[in-house]
Amino acid sequence: MSHQEDPRAFLTAQGWSFKLRSGQLVLDCPFCGKSEKFSMHPEEGVWHCWACPEKGNLFQLCQRLGLSGPGIQRLGQAIQAAPRRVPASQVETMHQALLADAEGLAYATTTRGWSVDVLKRLKTGLRVDSRGKWLAFPWLRKGDCRGVKYRILPAYQANYPQRFDREAGCQSILFNRDAMDQHDEIILASGESDALALLTLGFEQVIATTTGEGALPAADVDLLSKKTRVLVPFDNDAAGQRGAREVGKRIGFDRTWLVPLPSGVKDVNEFLVGGGTREEFERLLATAVQFDVPSVLSLSQAFDRLEEERTFGTWGDLDEMTPWPTVNRRVGGWRRGNLIVVSGPQGTGKTTWSLNVAAHWAAMGSPALVYCLEMSVEELVQHVLCAHYQLPEEQITAEVIGKARRDLADWPLYLGANPRATGRKEVMDLLAQAVRRYGLKLLVFDNLHMLARSVEHRTEEVGVLTKTFKLFAMEHEIPVVLIAQPRKLSPHQIMTPWDLKDSVDIFSDADQIILLHRELVGSLQDQAAVAAAHGDADDNISPVTLVRLAKARHRASRDGLLYFVGAEHRFRELEPGELPAGPVERPATASRHHGYPDD
């Protein structure tokens, strides 16, 4: 996985010699053996052979050759969504439009303070549509335009309150990315506006995030972690400082330096507009400090962290943990470091439920990974498409996949399945790399018991694994959804948290335990079952699903209901007429023997 988005490093790791020719990595084909017929894109890893029909991406190359390599793919990679390029003619047309537009140019040079020379170098442009005028920030890389981000001028903002827009289907890269090839010390700005301000001040080693503070392309995380220093002058507010710390976590706290802005100055662009000079900013760079050790906080820092969470919410832009309001009212918000265990009898939809949750996070822009030991990436992708388009598997045609390449290419949903990675340390190291490289906000692991390999000491191993996942969630400050299996249950029995298989430590270490239950409607009597088999019943298990919050450290135990659409691999809210006839009752055995602790 570590070489997934670094084709040169991947080829080197395999011991394959290659040449750079006409912008492509060229080597002998590992399939047909023809000399220098194998061509690979040096950044995207897409390859093909000129002599044989083989082609694909790095993940597929590893699969076909049985190589140790990437076990995780972004959804867009898995459906082979090719990033769109913006034609140079379009970029030039918008650039000339800005230079010719008095209103747009005055905003850029007077209101924002950017120099005309910098605007010309970065091909900053102007787009005019029915909503108004937009500044255009091209994302240039080695002469190609990988994407364009638009910011509406304030005079027209009432027409588009979101302020920002972007070219659909394009790859997200850093702004002024070429600068990273030329400097060992980098200034990482918070967005295009701050980068233009720093370039105007005369700093050349400037790059900027384009999709939010803390959001970095995975391949660039590796490159930034090798720089001498990465200086981060993010916005002078809680959200900006939180984003800066996220960058530090991903690049490495030993490489990242926080640049404090003057009191009362919101951001770098405001520093420029307020009359700030290069010499003054150099003095700010000289006062840059490294981050505190992430797991060690003073009491005042702990108060700051609590205030930040209360003021801005855990993630700021994600208020609902699942796609179902019924469930959200019960589970509340998942905190950084929470371990959420999901369980239920076979066939209740544990994987589907968790995959629906991860897709919801990704659709809201929060990177999520589903790592599954029971299904391939191809199967996971198919389930995502079925759920998103509400189609059964047989209707996932080439046309639907083509639509998904347009609709879902930007989703930060990562899917992992590497049957060769079976050891606890190997898997946890792989997951830790994924958190760092992709900036994950949620991890789903399916499932705990597949990772336990011991026969003689299985109970002890499951206990160690559960604690490992809990410590992982706390160390990386993300919620982890861990699917676990129940012990053998009797028909019609609703499991309790004490029915989790192999170890009581699962109950002890979990912050929340969510149990799924679907009622068996098929007959258990031999004669009746044979008679019923002549009918047309779709499923022996009811689609009405009990979702029980069986343990929560900060909430009472509560029940809810969802409807399982098995053919489309999704859950949905119940509709009128689908509610059970009577109230859902807690089984007597649960209250008598197990109880439902509310700690």
Of the residues LEU482, LEU465, LEU440, LEU431, only one is surrounded by 15 or more Cβ atoms within 10 Å (Cβ to Cβ), within 21 Å of the chain's Cα centre (by Cα) and in a helix (DSSP H, G or I); which? LEU431
So, in segment 362-377, how many residues would count as being more than 17 Å from ALA473 (Cα to Cα) and either surrounded by 22 or more Cβ atoms within 10 Å (Cβ to Cβ) or aromatic (Phe, Trp, Tyr) (or both)? 3
Evaluate segment 233-240: report whether one residue or more is at pLDDT below 90, crowded, with 19+ Cβ neighbours inside 10 Å and not in a loop (DSSP other than H, G, I, E, B). yes
So GLY243 ticks every box in (1) more than 26 Å from the chain's Cα centre (by Cα); (2) surrounded by 19 or more Cβ atoms within 10 Å (Cβ to Cβ) but one. Which box is left unticked? (1)
Helices (runs of 4 or more DSSP H) wholly in segment 314-399 with at least 2 residues that are of a type in the set (Gly, Ala, Ser) and more than 30 Å from ASN540 (Cβ to Cβ) - which ones? 350-363
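Yes or no, residue by residue, for (1) among the small types (Gly, Ala, Ser); (2) at pLDDT below 95; (3) in contact with a helix residue (DSSP H, G or I) (Cβ under 6 Å, 6 or more places away or on another chain); (4) farther than 29 Å from GLY243 by Cα:
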site: GLY347; (1), (2), (3), (4): yes, yes, no, yes
site: THR352; (1), (2), (3), (4): no, no, no, yes
site: GLN390; (1), (2), (3), (4): no, no, yes, yes
site: ALA409; (1), (2), (3), (4): yes, yes, yes, no
site: ARG420; (1), (2), (3), (4): no, yes, no, yes
site: GLN433; (1), (2), (3), (4): no, yes, no, no
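Check whether at least one residue in segment 102-111 is in contact with a Gly (Cβ under 8 Å, 6 or more places away or on another chain) and either in a helix (DSSP H, G or I) or acidic (Asp, Glu) (or both), and report yes or no. Please lay out each step first, then the result.
Initial filter on segment 102-111 (in contact with a Gly (Cβ under 8 Å, 6 or more places away or on another chain)): none.
No; the residues of segment 102-111 include none that is in contact with a Gly (Cβ under 8 Å, 6 or more places away or on another chain) and either in a helix (DSSP H, G or I) or acidic (Asp, Glu) (or both).
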Go through (1) out of contact with any Cys (no Cβ under 7 Å at 6 or more places or on another chain); (2) surrounded by 14 or more Cβ atoms within 10 Å (Cβ to Cβ); (3) not hydrophobic (A, V, I, L, M, F, W, C) for GLU568 and report which single condition fails. (1)
Can you find a residue that is in a loop (DSSP other than H, G, I, E, B), modelled with pLDDT of 90 or more and either outside the structural domain of ASP181 (by TED's automatic domain parsing) or within 20 Å of GLU192 (Cβ to Cβ) (or both) anywhere in segment 245-255? no
Hey, any hits in segment 409-424 for a residue that's on the phi < 0 side of the Ramachandran plot, out of contact with any His (no Cβ under 6 Å at 6 or more places or on another chain) and in a helix (DSSP H, G or I)? yes
Quick check: anything in segment 213-227 within 18 Å of GLU280 (Cβ to Cβ) and either surrounded by fewer than 17 Cβ atoms within 10 Å (Cβ to Cβ) or of a type in the set (Asp, Glu) (or both)? no
Hey, among the residues in segment 504-518 that are under 28 Å from the mean Cα position of the chain (by Cα) and assigned to a strand (DSSP E or B), which one's nearest to ARG555 (Cα to Cα)? GLN512
Would you mention how many residues in segment 212-232 are modelled with pLDDT under 85 and of a type in the set (Asp, Glu)? 2
Which numbered condition ALA404 fails, given (1) buried (at least 22 other Cβ atoms within 10 Å of the Cβ); (2) more than 23 Å from ALA215 (Cβ to Cβ); (3) of a type outside the set (D, E, K, R): (2)
Could you pull out the residue among HIS383, HIS360 that is at pLDDT 95 or above and either outside the structural domain of GLY560 (by TED's automatic domain parsing) or under 28 Å from THR496 (Cβ atoms) (or both)? HIS360
Kindly provide the set of residues from segment 184-209 that are out of contact with any helix residue (DSSP H, G or I) (no Cβ under 7 Å at 6 or more places or on another chain), within 27 Å of LYS441 (Cβ to Cβ) and assigned to a loop (DSSP other than H, G, I, E, B), ordered by number. GLY191, THR209
Only unsatisfied item for LEU561, checking (1) surrounded by 17 or more Cβ atoms within 10 Å (Cβ to Cβ); (2) modelled with pLDDT under 80; (3) within 18 Å of ARG329 (Cα to Cα); (4) not aromatic (Phe, Trp, Tyr), is (2)
Can you run down the residue pairs with Cβ atoms below 7 Å, 6 or more apart or on separate chains, where the first is in segment 44-64 and farther than 18 Å from TYR414 by Cβ and the partner is among the hydroxyl-bearing types (Ser, Thr, Tyr) and not in a helix (DSSP H, G or I)? TRP47/SER39; HIS48/SER39; TRP50/SER39
For segment 494-502, check the following and say yes or no: at least one residue is at pLDDT 80 or above, over 25 Å from GLY332 (Cβ atoms) and surrounded by 15 or more Cβ atoms within 10 Å (Cβ to Cβ). yes
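The values are calculated or read from the model by the stated rules, or taken from the named source; none is laboratory data. Note that the structure is predicted; figures quoted are calculated from it, not measured. Neighbour counts run over all protein chains shown; Cβ positions are idealised from the backbone, glycine included.
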